[in-house]
1. Kindly establish whether G72 is modelled with pLDDT under 95, surrounded by fewer than 23 Cβ atoms within 10 Å (Cβ to Cβ) and not in a helix (DSSP H, G or I).
2. Look at I119 and say whether it is under 23 Å from the mean Cα position of the chain (by Cα), surrounded by fewer than 24 Cβ atoms within 10 Å (Cβ to Cβ) and of a type outside the set (F, W, Y).
3. Out of (1) within 16 Å of the ligand (Cβ to nearest atom); (2) closer than 24 Å to C401 by Cβ; (3) not charged (D, E, K, R), the odd one out for S275 is which?
4. For F137, are the conditions met, namely being without any contact (Cβ under 8 Å) to a residue 12 or more places away in the chain and surrounded by fewer than 24 Cβ atoms within 10 Å (Cβ to Cβ)?
5. Could you please tell me which pairs satisfy a Cβ distance under 9 Å, a separation of 6+ or placement on different chains, a first residue in the stretch 243-272 that is not assigned by TED's automatic domain parsing to the domain that holds L316 and β-branched (V, I, T), and a second residue that is part of a loop (DSSP other than H, G, I, E, B) and within 10 Å of the ligand (Cβ to nearest atom)?
6. Taking the condition of being more than 16 Å from the ligand (Cβ to nearest atom) and assigned to a helix (DSSP H, G or I), how many residues in the stretch 328-349 meet it?
7. Can you find a residue in the stretch 375-387 that is touching a Pro at 6+ places or on another chain (Cβ under 8 Å), more than 23 Å from P161 (Cβ to Cβ) and more than 16 Å from the ligand (Cβ to nearest atom)?
8. Could you please let me know if E30 is under 30 Å from E228 (Cβ atoms) and either crowded, with 21+ Cβ neighbours inside 10 Å or not assigned by TED's automatic domain parsing to the domain that holds L226 (or both)?
Amino acid sequence: MDQNNPFLSPPTAARTFGFFVDGQWREGGEHFERASPGHGTPVTRTVRCSVDDLNAAVCAARNAFEDRRWSGLSGAGRGGVLLRAAEILRRRRDEIAYWEALENGKPIAQARGEIDHCIACFEVGAGAARMLHGDSFNSLGDDLFGMVLREPIGVVGLITPWNFPFLILCERVPFILASGCTMVVKPSEVTSATTLLLAEVLTEAGLPAGVYNVITGSGRVIGQALSEHPDVDMLSFTGSTAVGRSCVHAAADSNFKKLGLELGGKNPIIVFADSDLEDAADGAAFGISFNTGQCCVSSSRLIVERSVAAEFEKLLVEKMKKIRVGDPLDGATQVGAITTEAQNATILDYIARGKADGATLLTGGGAVDLGRGQYIAPTLFSGVSRDMAIARDEIFGPVLCSMHFDTVEDAIQLANDTVYGLAASVWTKNIDKALTVSRRVRAGRFWVNTIMAGGPEMPLGGFKQSGWGREAGIYGVEEYTQVKSVHVEIGKRTHWIA
Ligand code: TXE
């Protein structure tokens with residue numbers, strides 16, 4: 001390791017983490033060793049927690065909720081802790097980005113940008129804690145007044161994936177905390193380090209013990225037990241549609257816990273002939289390559305107007321060939337490693353299916369050999385028909401499929417021809433087309449002449465099989481509340497019994 005800057009090369013030995021329950025670090029017997037997907041060397045060891053560990057964490061979160069040590073604070077009190085957490089994250093930005101890049105394989109520059117976004121999440125969450133409010137009804141007649149209270153839902157289980165371990169965490173945690181809930185977090189087994197580091201940050205910021213607990217371990221054992229737990233009031237799950245479905249069954253078979261689900265996507269990017277084609281090509285290259293396409297909002301279906309399709313694809317190929325695929329710890333890298341071996345195999349398999357199904361490979365199409373780690377070149381297929389697997393399935397890799405359209409109606413129809421509805425974008429200089437398409441495409445997030453832009457003020461979540469509910473912003477806080485109607489009689493009651 002470089003002695004002057006410890007964040008430029010992988011550690012010489014794996015760092016061991018405990019897990020975090022009731023404000024205390026605990027040790028466990030068995031460990032899970034994680035190798036950096038960019039380097040192939042061990043970087044972290046986390047505990048394979050047991051279901052008993054999980055039960056202890058839920059119990060701690062329940063006690064912390066019931067005695068109101070957190071929900072009993074004013075919004076300003078909770079917001080103050082969140083603002084301090086933002087400051088600490090600012091101080092520890094490079095360190096957290098380093099562990100994120102090591103475990104996930106994403107470029108360090110991108111990881112640092114993500115931590116900046118996470119800081120903003122805490123700042124917005126702090127404001128939301130103070131602004132959260134209910135409603136009142138002054139319309140029920142002179143003798144009745146109605147108030148609508150928002151109360152925290154209780155103990156929240158939070159299951160997060162490996163593609164944005166810290167970002168997805170921070171798009172939820174500040175808003176859950178703003179609402180007054182307590183929680184048990186189960187990060188992906190391959191990317192748990194930064195979720196554990198957040199426990200240090202929140203403790204230093206003054207969060208009471210038991211409010212934020214982290215249990216590490218497998219999805220099959222710990223994730224499943226959390227989703228089935230009868231003492232968890234709400235579960236926020238981000239991951240595959242298949243596991244999302246199993247969470248729905250688990251909730252129904254246990255206590256009908258409320259669910260927030262952010263699942264897969266197969267997101268369209270619609271390019272009209274009247275757009276700025278240079279801008280649109282840059283957006284398309286970014287939209288499919290950012291985070292190696294392992295992004296639920298990756299724009300993986302290019303829907304381009306036929307009259308400019310050839311010109312646009314040529315422009316796009318030129319741009320995609322210039323993308324710098326490289327070592328995640330190299331500050332110049334734009335596209336890093338594929339996070340898991342399983343995901344790497346899945347992506348290569350889809351590329352092979354695209355070729356076998358008769359799509360035309362325009363660029364990329366295979367692994368990039370950097371001597372260590374697993375990397376895949378940004379890939380573009382043209383001549384894709386809507387029934388091909390590469391056009392229908394979420395590949396979760398840097399593989400873009402181009403399809404062509406002739407009319408606005410065709411474009412909308414193609415964009416909506418998917419079971420998913422997470423995100424979409426349109427590129428045009430015509431305001432009528434932009435508004436028509438943004439109103440007709442069924443997706444939770446929509447961009448006009450940009451892609452993956454936004455801030456934690458804006459809600460995120462999906463239509464159709466992309467999920468339930470919304471995260472972030474005031475909408476995100478409200479998801480973690482219950483609404484209670486309070487009716488107040490004014491004056492003397494009109495008696496029922498004469
Ligand atoms: O996801 P899993 P995987 C999609 C993407 C990817 C595919 C498979 O298409 O190729 O899913 O990825 C926990 N009960 N997305 O297999 O298994 C697991 O430990 C409860 C899209 O890694 O869904 C991890 O913490 N939890 C997505 C989390 O679920 C369980 C992000 C996600 O893992 C569980 C990731 C169970 N039975 C993958 N089994 C997005 N929307 O961004 C596993 N888990």
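The values are calculated or read from the model by the stated rules, or taken from the named source; none is laboratory data. Worth saying up front: this structure is predicted, and the values here are computed from it rather than measured. When we count neighbours, we look across all protein chains shown, and the Cβ atoms used for this are built from the backbone with ideal geometry, even at glycine.
1. Working: modelled with pLDDT under 95: no; surrounded by fewer than 23 Cβ atoms within 10 Å (Cβ to Cβ): yes; not in a helix (DSSP H, G or I): yes.
No; evaluated as a whole, the condition is false for this residue.
2. Details: under 23 Å from the mean Cα position of the chain (by Cα): yes; surrounded by fewer than 24 Cβ atoms within 10 Å (Cβ to Cβ): yes; of a type outside the set (F, W, Y): yes.
It is true that I119 is under 23 Å from the mean Cα position of the chain (by Cα), surrounded by fewer than 24 Cβ atoms within 10 Å (Cβ to Cβ) and of a type outside the set (F, W, Y).
3. If we test S275 against (1) within 16 Å of the ligand (Cβ to nearest atom); (2) closer than 24 Å to C401 by Cβ; (3) not charged (D, E, K, R), just (1) comes out false.
4. Working: without any contact (Cβ under 8 Å) to a residue 12 or more places away in the chain: yes; surrounded by fewer than 24 Cβ atoms within 10 Å (Cβ to Cβ): yes.
So F137 passes the test.
5. Short answer, once both residue conditions are applied: V243/L263.
6. The number of residues fulfilling the criteria is 0.
7. Going residue by residue through the stretch 375-387, those that are touching a Pro at 6+ places or on another chain (Cβ under 8 Å) are 376-379.
Add one more test, that the residue is more than 23 Å from P161 (Cβ to Cβ), and what stays is 377.
Next cut, more than 16 Å from the ligand (Cβ to nearest atom) only: 377.
Within the stretch 375-387 (the criterion being touching a Pro at 6+ places or on another chain (Cβ under 8 Å), more than 23 Å from P161 (Cβ to Cβ) and more than 16 Å from the ligand (Cβ to nearest atom)), the answer is yes, since at least one residue qualifies.
8. Values: under 30 Å from E228 (Cβ atoms): yes; either crowded, with 21+ Cβ neighbours inside 10 Å or not assigned by TED's automatic domain parsing to the domain that holds L226 (or both): no.
Criteria not met by E30.
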